[in-house]
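Notes follow once the structure below has been shown.
Since every read-out is calculated from the coordinates, none of them should be taken as a lab result. Please read all numbers here as calculations on a predicted model, not as lab measurements. Using ideal geometry, Cβ is built from the backbone for each residue, glycine included, and neighbour counts are taken over all protein chains shown.
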Amino acid sequence: MTEWDGKGLVSTAWLEAHLGDPDLRVFDATVHLLPATPGPYRVESGRADYENAHIPGAAFLDLAHDFSDHKSSLGFTMPAVEDFATACGKAGIGPKTRVVVYSAQSPMWATRFWWMLHACGFDNAAVLDGGFGKWQAEGRPSEAGTHSYSPETLSLSAQPGAWADKDDVLAAIDDGAVCTINALSPSLHDGTSKTNYGRKGHIKGSRNVPYASLLKEDGSYRDDEELRSFYEAVGAFEKPRAICYCGGGISATMNALALTRLGHPSVAVYDGSMSEWTRDPDLPMETGA
C-alpha cells in the first residue's frame with residue numbers, strides 16, 4: 001500500500017512523502033472515551049494531545065463538538081448533510097482536496113470521519129493506516145501547536161443506504177439478505193462483560209467481528225486476505241447487504257471501512273447502535289456467542 005488507491009487507507013510512508021502536496025488536508029480526529037459511572041464512558045476531546053504533538057501541518061477535527069448533531073439525544077449522531085458540509089468547508093475541505101485523517105490509539109475516530117465523508121459522496125479521503133502511534137514509532141516528524149486550513153465551500157449529497165436506523169436493523173433480523181455485524185468486544189457481545197449499554201448482549205441475530213481483531217500489533221489493518229476471512233466466517237459476503245453497529249456508531253465504522261475496501265456491494269452503519277437500541281425494551285436482544 002504505497003499509493004493513493006481510493007480504498008480508504010494510506011500508509012505512513014505515503015503520507016510523509018506527500019505532506020507538501022498543495023491539495024492535501026491532514027486532520028487529527030482523536031477523541032478519548034474514559035471510564036465513567038454511570039457508564040460506560042465519558043467523552044474527552046483529544047485537542048490537548050494534538051496541541052502537544054501532531055503530524056506536521058495537520059489540523060484538528062473536534063468530532064464531538066463540530067461534527068455531531070447536538071439536537072440528538074445520542075452522542076456523535078451524524079448531522080444533516082448540509083450542516084456537515086458547512087463544517088467540513090470551515091475545516092478546509094473543498095471539492096478538489098484530498099483528505100487524510102488519523103487518530104491516536106484506536107483508528108475508530110478516523111474511520112468515523114472517513115465514513116461520514118463516504119456517506120456523503122466524498123470519496124477522495126483516506127485513513128492513515130496505523131495512525132499517529134505508528135507514525136511516532138517509526139520516528140517520523142511531528143510538531144506542537146496548532147494549524148488550520150483556509151476555508152472552502154463544499155457541497156455534499158447523502159448516499160442512499162450508507163446509514164441504517166433502528167427500523168432497518170429490526171427488519172434485518174428476519175431478512176436473510178442482510179448480515180448485521182457487531183464491532184464490540186466478545187464479552188460485550190455475549191453479555192459476560194461487567195459493563196453494558198443498558199442491556200446485556202447484542203442485537204438478536206447479529207454476528208461479532210470485534211473492531212480490535214481487525215488490527216495488527218502496530219495498529220494498522222490486517223492484510224485484506226485475513227480481513228476477508230473474518231467476514232466470510234460470519235457470512236457477510238454471502239449476503240448482499242451488511243449493517244455494522246457498535247455502542248454508538250464509532251467502532252462500527254472500522255468494520256464498514258474494511259468491508260467497503262474488500263468490495264462488499266452494500267454496507268451501512270447503524271448510527272444509533274446500542275446506545276439507541278437498548279433504550280427500547282421491545283427491541284430484541286440476546287446473549288451468548
* Along the charge dipole of the chain, which of LEU61, ILE93, GLN105 sits closest to the positive end, that is, farthest toward it, with unit charges on the beta carbon of Lys, Arg, Asp and Glu (+1, +1, -1, -1)? -> GLN105
* Structure fact -> Rounded to the nearest 10 degrees, the helix 108-119 long axis (Cα) sits at an angle to the longest Cα principal axis of the chain of 90
* Asked: Based on Cα positions only, what radius of gyration and what Dmax would you give for region 163-286, in angstroms?
  -> 13.5, 41
* Taking the highest mean first, how do the peptides 180-190, 273-283, 15-25, 100-110 order by number of other beta carbon atoms within 10 angstrom per residue? -> 100-110, 180-190, 273-283, 15-25
* **Inter-label distance, nm, simple model (7 Å from Cα along the C-beta direction), ASN124/SER148** => 2.3
* **Given charges at beta-carbon only (K, R positive; D, E negative), |dipole| of region 176-275 in Debye** => 500
* **Gyration tensor (alpha-carbon) shape descriptor, region 9-137, a/c threshold 1.5** => oblate
* Structure fact -> Counted neighbours (other Cβ, 10 Å), sorted fewest up, put THR287, THR153 in the order THR153, THR287
* Using a 10 angstrom cutoff on alpha carbons, build the Gaussian network for the chain and name the most mobile of ALA177, ALA242, ALA59. => ALA177
* Among LEU63, LEU214, LEU170, which one shows the biggest mean-square fluctuation in a GNM of the chain, springs joining Cα atoms closer than 10 Å? -> LEU170
* Asked: Expressed in nm², what is the orientationally averaged projection area of the convex hull enclosing the Cα positions of the chain?
  -> 14.2
* To do: Measure nothing fancy, just the Cα-based angle from helix 224-233's long axis to the longest principal axis of the chain, in degrees from 0 to 90, nearest 10.
  => 20
* Once you put a point 7 Å from the Cα of GLU16 and another 7 Å from the Cα of ARG47, both along the Cβ direction, what distance in nm separates them? -> 3.1
